[in-house]
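Structure, as structure tokens:
The numbers here are math on the coordinates, done by the rules we state, and not lab data. Predicted model only: the values in this text are computed from it and were never measured. Neighbour counts run over all protein chains shown; Cβ positions are idealised from the backbone, glycine included.
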Amino acid sequence: MFFLPLYDDNPSSPAYVTWALITLCVAVFLWQSGLTDAQARLAALQYGMVPEILLGSSELPAQYRVVNPWLTPLTSMFMHGGLLHLGGNMLFLWIFGNNVEDSVGRLRYLLFYVLCGYAAALFQAVINLHSVVPMVGASGAIAGVLGAYALLFPKANVRTLVVVIVFFRIVTIPAAAILIGWFLMQTIGGLQAAPHAGGGGVAYFAHVGGFIAGALLIFVMRKPGVRLFAPPRTPAFEISPITMPSQRRGRSRVPDSGSDPWDKPWTKR
């Protein structure tokens, strides 16, 4: 069985900050795509978040240093380890980001996004203190957006492509089911991956930390008058053939290891 969220039923104002974040991530990925494998590994070391470096247990060799370690949680948010990594992150940001941006306000939404990204990076670093694997990706910050959305619009319905063998249908699924299910999968994935956390792969605990941060921050960062647990707009669990909406409501909606101890697979979040 395969599930792919496509869009939700929540209207929104033009999501300029969300669009800008998506554009910047795509632009950085295009830059990464023009690098050789060696250059890409070096860029991941220079701009990715390395837990040991962030927490001061060790330092990068002088020739690798470009930014202060405490800036790498920010720079790493805009890097990705491959087209599927980028595409999945941008899809979730496109679906859920605009309504959170509406609920927080544009400038505070940008601050909210960055704070969630830092919380995600720190949570992963604390869990995996001695990792020298660079962590790249926007999903820690996006997990914060998902945590906020889960409290703001848990009953909103997400049009989701469901594939079972040769059965293709669009099903409206409540956001709470998708987002809480996603959070539980990240938690389970993190616990299962913990014994091998130093070897790259997916930074599950960054997702967990970002989601919790977003759920907490939305209590204090939402605009006055914005209430949690908004009622549903459409019936849940409707099933229909594959069609795309006639209107979008104004919405736009990882290298090889070597002998060098710093030359490790990327950790994607």
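Taken over the Cα atoms of segment 111-216, the convex hull encloses 112 Å³ per residue.
Scaled against the 2.2 N^0.38 Å expected of a compact globular protein of N residues, the Cα radius of gyration of the chain reads 1.02. Extending 7 Å from Cα along the Cβ direction at residue 67 and again at residue 193 yields two label points whose distance is 2.1 nm. Provide the FRET efficiency to the nearest 0.05 for the residue 236-residue 46 pair, computing r from the beta carbons and using R0 = 41 Å. Once the sixth-power term is evaluated, E becomes 0.35. Amide H contacts of residue 234: 157, each under 5 Å away and 5 or more positions distant or on a separate chain (H built 1.01 Å from N in the peptide plane; Pro and chain starts excluded).
Per residue and in Å³, how big is the convex hull formed by the alpha-carbon atoms of segment 16-100?
Working: hull volume 8.8 nm³, N = 85.
About 103 Å³ per residue, rounded to a whole number.
Would you compute, from DSSP H runs of 4+ residues alone, the mean residue ellipticity of the chain at 222 nm, taking -39500 (n - 2.57) per run and dividing by the full residue count, rounded to the nearest 500? List each step's numbers first, then the result.
Working: 9 runs with 133 residues, N = 269.
Calculated mean residue ellipticity at 222 nm is -16000 deg cm²/dmol.
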